[in-house]
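Visitor: Below is the structure I would like to discuss, written out as structure tokens.
Read-outs throughout are calculated quantities, based only on the coordinates presented, and are distinct from any laboratory measurement. Source: prediction; values computed, not measured. Quick reminder, even Gly has a Cβ in these numbers, built from the backbone with ideal geometry, and neighbours come from all protein chains shown.
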Amino acid sequence: MPWPEPVSFTGAHARLAPLAHAHRDGLIEAVKDGELWRLWYTAIPSPENMDKEIDRRLGLQKAGSMLPFTVFDADGRIAGMTTYMNIDATNRRVEIGSTWYAKRVQRTALNTECKLFLLGHAFETLHCIAVEFRTHFFNRASRRGIERLGAKMDGILRSHQIGANGTLRDTVVYSVIASEWPAVKQHLTFSLNR
């Protein structure tokens, strides 16, 4: 049995559903909002590459290393993608990543609620010992967002990856560990209720 298994989440601001090919058109519309694929420091699919990205994520799910989700906003419109990735069932660790949102929902309660779903499931159902977040050093908006969640920086992996444009990526690594989850949960819940 795969770990973790596909699951859905529904809240006041967001809904997460297992990624499916049927979400393609909505994902294309979402990625066009802000032309997100043009950001040089991140790997967000362009509209013409959405089919390949869906296939890639579903292939990694089949291999047991990713659990991808489609993100819907409060109105039921597709707003982006997120995943559990780098799944390590033996050590009960996952990374939350490969996340992108349409510009219209960035810096809204949608991201907070999505992270509350994913972190809660990781710690309370999957009994993870740690949940990791990684981002490009130059993706300052992502770094600020991860820090606002309550994750702590573990360090920077210098020259960690070669980008599609040939530049070297310094990867900033953050995590929340199991003992921190109650305080992080309280913080996220408080933030959503404000």
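Visitor: Number of Lys-Lys pairs in the chain under 29 Å by Cα, sequence gap 8 or more or different chains?
Guide: Going through the chain pair by pair, I get 14.
Visitor: Over the chain, calculate the relative contact order: mean separation of alpha carbon pairs under 8 Å at least 6 apart, over the residue count, as a percent.
Guide: On the way: 331 pairs, mean separation 33.6, N = 194.
So the answer I get is 17 percent.
Visitor: How large is the dipole of the range 9-193 about the Cα centre if only Lys and Arg carry +1 and Asp and Glu carry -1, each at its Cβ, rounded to the nearest 20 debye?
Guide: Here the size comes out at about 320 debye.
Visitor: Which one, W100, W40, W181, has the greatest fluctuation when you compute a Gaussian network model over the chain with C-alpha springs under 10 angstrom?
Guide: Its mean-square fluctuation being the largest, the pick is W40.
Visitor: Can you find, among T135, L119, A102, the residue sitting farthest towards the positive end of the charge dipole of the range 95-141, where Lys and Arg contribute +1 and Asp and Glu -1 at Cβ?
Guide: Positive-most Cα among the choices belongs to A102.
Visitor: Among R148, R15, rank each residue by its count of other Cβ atoms within 10 Å, from fewest to most, as a rough exposure measure.
Guide: R148, R15
Visitor: Nearest 5 percent is fine: what portion of the DSSP beta bridges confined to the range 57-167 is antiparallel?
Guide: Details: 13 of 16 bridges.
Roughly 80 percent of the DSSP beta bridges within the range 57-167 come out antiparallel.
Visitor: Over all distinct alpha-carbon pairs, what is the Kirkwood Rh of the range 23-113 in angstrom?
Guide: 13.6 Å
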